Structure formats: structure tokens, C-alpha cells
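In what follows, a structure is listed as C-alpha cells, so that the remarks can point back to it.
The values are calculated or read from the model by the stated rules, or taken from the named source; none is laboratory data. Worth saying up front: this structure is predicted, and the values here are computed from it rather than measured. When we count neighbours, we look across all protein chains shown, and the Cβ atoms used for this are built from the backbone with ideal geometry, even at glycine.
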Amino acid sequence: MRLRELLGIEKNSGSELSGQRESISSDAPGDTPAADRTSGQKVMELSVVITLSDDSQIGRSALILASTTGSEEERVLKEQICDFGWKAVATEVGGLAGDLPQKITRAVVGAALNGEIVRKKSNEMHALMHAAFEAMNGFISVGMLEASIGVKIGIVRNRHWIAVAVVGDTAYHAVAHHERCGLGVMHI
């Protein structure tokens, strides 16, 4: 199943997409969407088509994977990435910023090995760790040792490149949390 099929969007004979509004919210105008009625939270569903034309654009797919918020959308996206001949895996990590280096190293290496993204070969592990280091440097500054952090990490690999994307929230206090992201891409 493609993301378009999941969201009920069909491609026209041209390059336009049809049925976006109707497929995303079938409630009557002025009606509260079903998700709003059950959870009490506002829900916004976005439908985006991104065309990747080069192997070096692998970072975009890793960022989108790390941005998924549900297990079904994550599964569908990983399936699409794999259909393209690439490999993909995602994992999540949380805790205080000062404790994260060890947690992230274990999570990234564990997910990449278990998901068969990399093998225990020096060039593959080296590229993975450098991409993860670059992503974390973009995500958080060194001075945020006591900040609370929750992240989702997307790892995507093709023949020549590996990308690690980190998307999540940081906060010194619960009322001041905000989103951040970081991306690292390395040649294998």
C-alpha cells in the first residue's frame, strides 16, 4: 500500500492530486472531525508527495521517516523506501541530554544492525556513527546537559550513502518544550 492509497489520494492524468480535502476529512462542514471528538485534541493530517531523483537525496527520506508519529505511517514509509531498493529503520530514545550519548549510540547501532542497515564492517559502522554524530550536533547544543529530550531517529541507507535523522522535543521545563531536528549524511 502506498502513502497515497493510505490517505485516499489518487493521482490525476496530470501532475495534480485530487481528492485531498475529501479524503482527509469526510466530516460535514462545521462538524468536529472524529479524532477531535474522541481525543479532545486537534488533528492535522498532511499529505505530501516528494520525488527523490538522486541517491544523494537520501537525507530527505530519513527526515520524513524520523518525522512520522504513528506506527502505521512509519510502516508504510519504510515499505516505500524498501520498494525503491533502499533500507530503512526507526527507533526512539528519551532522557536527559547528558545521558543521551550512550543511549543514542546503543539505539542507533542496535537498530541499524537489527534492521540489517549496516553490517559489522569498519566502513559501514564508521559511516553510521559519523552520520549519527552529525545529526545529534545539529539537534542539540553541548550546553543543554539538563534538558529533557525525546527523539525519533530515522536511518536510511542505499548503496553509497547512509543518513541519520533525529526529530524530537527538548525542554528544561515541560511547559517550554519545543521541536528540533538534525540530519547527518555520510558516504559509505
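Residues in the range 94-133 that are at pLDDT 95 or above and of a type in the set (Val, Ile, Thr) were compared, and the one that is farthest from Gly59 (Cα to Cα) is Val109. Of the helices (runs of 4 or more DSSP H) lying entirely inside the range 40-132, those containing at least 2 residues that are of a type in the set (Ser, Thr, Tyr) are 58-67. Filtered by the rule that a residue be polar (S, T, N, Q) and either more than 17 Å from Val93 (Cα to Cα) or touching a Gly at 6+ places or on another chain (Cβ under 6 Å) (or both), the range 155-180 gives a lone residue, Asn158.
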